[in-house]
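In what follows, a structure is listed as structure tokens, so that the remarks can point back to it.
The values are calculated or read from the model by the stated rules, or taken from the named source; none is laboratory data. From a predicted model like this one, the values you see are computed outputs, not experimental measurements. In this analysis, Cβ positions are derived from the backbone assuming ideal geometry, glycine residues included, and neighbour counts consider all displayed protein chains.
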Amino acid sequence: MAQDEDEEDLSFNVEEVQNIVRDNIEFCLGGNTYSHSRVPQWITVITEKTLTRLNKLNKPFKYIMRITVTQKNGSGLHTAAAYFWDIATDGTCTVRWENKYMYCIINIWALSLQM
Amino acid sequence: MEKTDKSEITYEYTKRRKCFGRQTLFTDHGPELNVNIPPNSAMYKNYILRNPVNVSIQNTGTMSEHWVNSVRAEYTSSGVNHVEGGWPKDINTNDPEAAQRYRRKIEKDDAYIHAVMHLGHSMEHNILQNNAVDMYQIYYSELSSIPPVERSSCHTVNVYREPGSARRPIRSLSWQADGARLASAHADVNFMRCARSLQFSYIWDIENANAPELVITPPQPLLDLQYNPRDQHILVGGLMNGQVGCWDMRKGSETIALCPPHVAHRDLARNVLFINSKTCAEFFSASPDGVVKWWDIRNMNEPTDSMIIDAVRTNNDTQCVENALGISALEYEPTIPTRFMVGTETGLVIGGNRKGKTPLEKLPSKYEAHLGPVYALQRNPTFLKNFLTVGDWTARVWSEDCRESSILWTYPHRTKLTDGAWNPIRFSLLLVTQWDGCLSCWDLLRRRSAPIVTAQLCDEPLLRLRPHEGGLLVACGSSKGTIYLAELSQNLGTADKNDKQLLTHILERENKRERILEARMRELRLKMRQERDGAAHAPDDAARRDADLRDAAADYCLAVAELQARQHALPA
């Protein structure tokens, strides 16, 4: 059990991260309309908050975070990713959020520090 | 700015040295779709294409602006009062002794003498230069200024209109002795006019043009109203029915004395004039019935004297009223007490002598003046031998010696001339009023071919004229009962010191000319008579005529020689 707990602690918990990120997006973008001038501000806020919370998890990971905010004007968007990593320890998490005016896609990749 | 504000996120961990460099176990993890958002063409409708888009692009280097000004230097100008200077600090200049001591010390110095010699040289140059040319002299101050070009003018200063709606022609104007009041007599002589209302005459104060000062109410219209030159309150007037009356301004507008009708003139009393007498209460009157009567104010019941103006040829004929000539103008000069002149309706000017015993003595001189009645007759106040007559369309100046013709005359005007007078101050100035309402001034010293000033005072005919004794104002009366007070410009109202001489020359010259012409005419007439009669006349006549002519010829040659001598003398 202790090992499991250790393993729990050491592995990447997707849901937990998703929750963190979703909360942050909600807080920041909320019901706002897309505003080209305010987007950098929002991105900064989301990044800071999310990384701080992720850091607080105290897990031995390097985090990479990518945020995309797109205005909802009828265009399509496709993104894909491929990895060459250690499948056992590293993980990824994608959060898709939208409101009436914009989409927000956040990718978090966590790369474990070899202990 | 937000990036630098990031709080430090750190994660600390420890790792054993032996665990460094462990083999990594990487495997591929296939591409997985992250985001798949299909395009939604319905959303396009919410957006429009923005065209044009204004984008400003500048691809230059950035520059900054900065300005610098140097520190300004303040300048002021001030004079310096140089007093003796160069005193050293330790000597009190106010102390005469110390100053004296210092001075003596300096003077003993060698360099002192050399310095003074050196400075003296340049000072001498400046002083000599100053003495040669006076820098502060005003040039041309010793030259007299050129007399300015003479501009004459005449303009109306005041208009006195007859009160009421009546517009009766002015028959006479007279200034009070000191010149503050003007008396005007109005009378409409046209008998056919049915209005038999009283016609008044007025006394005006020249300052107040709104209303006359006093209204004179004669029983009949006044044809002439004259102030007493000695007593400024008494006036006499001649009425239309031949009577003469006397008024006193202090007593009001009614006559104080009126002569009875049976001793009055048989026709209207056209002219009255005061004469010089000890009592200053005597005047004489004339009328178109041809009789001149003398009156005394104190007793107006009968005239003191009367004279019939009938120019008879010899002493034996008596003068009778049937042949008398109607009088239209009367003249009297206070300095020549017993003589007077009358102008008749036939155009003759007859000189009269009150003290004459025989008819010839009573009317010694006769001049054929005009083609119509003589309207004005006045002696020149300075040159008593010359008098002015105005009649038909000309104004003429006569000399008493020349019987045949006037010595000076104006050109025939287009309009009738109604009255004329000499200016009392500028004695070469003639003032003449015309039927077209013009006042023209003729200056004998300036131009004799034309008047120097003509002023159109009004549209209706001007009938009477009387200059003020000051010489600058002239009162002109019109046929509508309005008096215009005109002012002449300064140069017309004053006389220069040379004027009297110059005018004397002119008049003498003209006189001489006329006399020579007269002599020639007489000669020609004599010759014609001789030829016609065939009889030889007394040679002494011829001798006399010849003598006259020889005199004239001699005078002329003398004058020419004189002129030539002067001309030759000039260049030499």
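Got a sec? Which of B:GLU487, B:GLU508 is assigned to a strand (DSSP E or B) and surrounded by fewer than 20 Cβ atoms within 10 Å (Cβ to Cβ)? So the residue among B:GLU487, B:GLU508 that is assigned to a strand (DSSP E or B) and surrounded by fewer than 20 Cβ atoms within 10 Å (Cβ to Cβ) is B:GLU487. Each residue in region B:20-33 was checked for being more than 7 Å from chain A (Cβ to nearest Cβ) and surrounded by 10 or more Cβ atoms within 10 Å (Cβ to Cβ), and 0 of them qualify. Do the conditions hold for A:THR68, that is, is it crowded, with 17+ Cβ neighbours inside 10 Å and either in a strand (DSSP E or B) or more than 9 Å from chain B (Cβ to nearest Cβ) (or both)? When the stated conditions are applied, A:THR68 does not pass them. In summary, strands (runs of 3 or more DSSP E) completely within region B:246-298 and bearing 1 or more residues that are touching a Pro at 6+ places or on another chain (Cβ under 9 Å) and over 19 Å from B:LYS355 (Cα atoms) occur at B:255-258. The single condition from (1) within 29 Å of B:GLU12 (Cα to Cα); (2) of a type in the set (Val, Ile, Thr); (3) outside any strand (DSSP E or B); (4) within 12 Å of chain B (Cβ to nearest Cβ) that A:THR33 fails is (1). In the set (1) loosely packed, with under 14 Cβ neighbours inside 10 Å; (2) of a type outside the set (Val, Ile, Thr); (3) out of contact with any helix residue (DSSP H, G or I) (no Cβ under 9 Å at 6 or more places or on another chain), B:GLY470 fails one condition alone, (3). Are any of the residues in region B:96-107 within 14 Å of another protein chain (Cβ to nearest Cβ) and exposed (fewer than 10 other Cβ atoms within 10 Å of the Cβ)? No, there is no match, as no residue in region B:96-107 is within 14 Å of another protein chain (Cβ to nearest Cβ) and exposed (fewer than 10 other Cβ atoms within 10 Å of the Cβ). Out of everything in region B:166-183 that is closer than 19 Å to B:LEU462 by Cα and over 23 Å from the mean Cα position of the chain (by Cα), what residue ends up being modelled with the lowest pLDDT? Per the criteria, the residue is B:ALA166. Suppose we keep only residues that are surrounded by fewer than 11 Cβ atoms within 10 Å (Cβ to Cβ) and not polar (S, T, N, Q) within region B:34-46. Which one would you say is nearest to the other protein chains (Cβ to nearest Cβ)? Ranking the qualifying residues of region B:34-46, first place goes to B:PRO38.
For region B:490-505, the set of residues classified as among the polar types (S, T, N, Q), assigned to a helix (DSSP H, G or I) and more than 23 Å from B:ILE407 (Cα to Cα) consists of B:GLN490, B:ASN491, listed by residue number. Applying the condition of being within 20 Å of B:GLN226 (Cα to Cα) and among the hydrophobic types (A, V, I, L, M, F, W, C) to region B:321-347 and asking which residue is surrounded by the fewest Cβ atoms within 10 Å (Cβ to Cβ) yields B:ILE336. Look at (1) within 11 Å of chain B (Cβ to nearest Cβ); (2) part of a helix (DSSP H, G or I) and you find that A:ILE25 fails only one, number (1). Within region A:48-65, if we keep just the residues that are touching a residue at least 24 places away in the same chain (Cβ under 8 Å) and among the β-branched types (Val, Ile, Thr), the residue that is nearest to the other protein chains (Cβ to nearest Cβ) turns out to be A:THR50.
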